[in-house]
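The values are calculated or read from the model by the stated rules, or taken from the named source; none is laboratory data. Note that the structure is a prediction, hence the values are computed from the model and not measured. All Cβ positions, glycine included, derive from the backbone under ideal geometry; neighbour counts span all protein chains shown. Areas reflect the complete protein model, heavy atoms only, side chains present, ligands, DNA and RNA absent. Shrake-Rupley method; radii C 1.70, N 1.55, O 1.52, S 1.80 Å.
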Amino acid sequence: YGTVLSARATLDDGFVFNLGGGFHHAKPSRGEGFCVYNDVAVAVALLRLDGLLADAARVAYIDLDVHQGNGVAHCFIDDPRTFIFDMFDPEIY
């Protein structure tokens, strides 16, 4: 829930981050790694559903974890409104 709160606060304050989030391995249909759900995808979906983020609004996702955020990539693979910047070590995961 911290990621959803942070996303909502970002709309008010301009920049917020959540150190407790980042379940970036979960895919739309199943969990992966230690991630049961994808908090980023859920937050973006809820912002759109609640009308806090316009349907056409673009989202930038920045992932600096050493593992690839493969679940985030799967969640937004067909969504041109989402820009993904993911720095990871390709030899680890």
* **About the Cα centre, charge dipole magnitude for the chain (Lys/Arg +1, Asp/Glu -1 at Cβ), debye** => 260
* On the accessible surface of the chain, probed at 1.4 Å, how many percent belong to carbon and sulfur atoms? -> 62
* Cα-based Rg (one decimal) and Dmax (whole number) for the chain, in Å? -> 12.8, 40
* **Gained length - Asp89 relative to Ile77, 0.36 nm times residue gap less alpha-carbon distance** => 2.3 nm
* To do: Considering the options Phe85, Ile62, His74, tell which one lies farthest towards the positive end of the dipole of the chain, charges being +1 on Lys and Arg and -1 on Asp and Glu at the Cβ, about the Cα centre.
  => His74
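Solvent-accessible area per residue for the range 24-93 at a 1.4 Å probe radius, Å²? List each step's numbers first, then the result.
Numbers: 4400 Å² over 70 residues.
Result: 63 Å² of accessible area for each residue.
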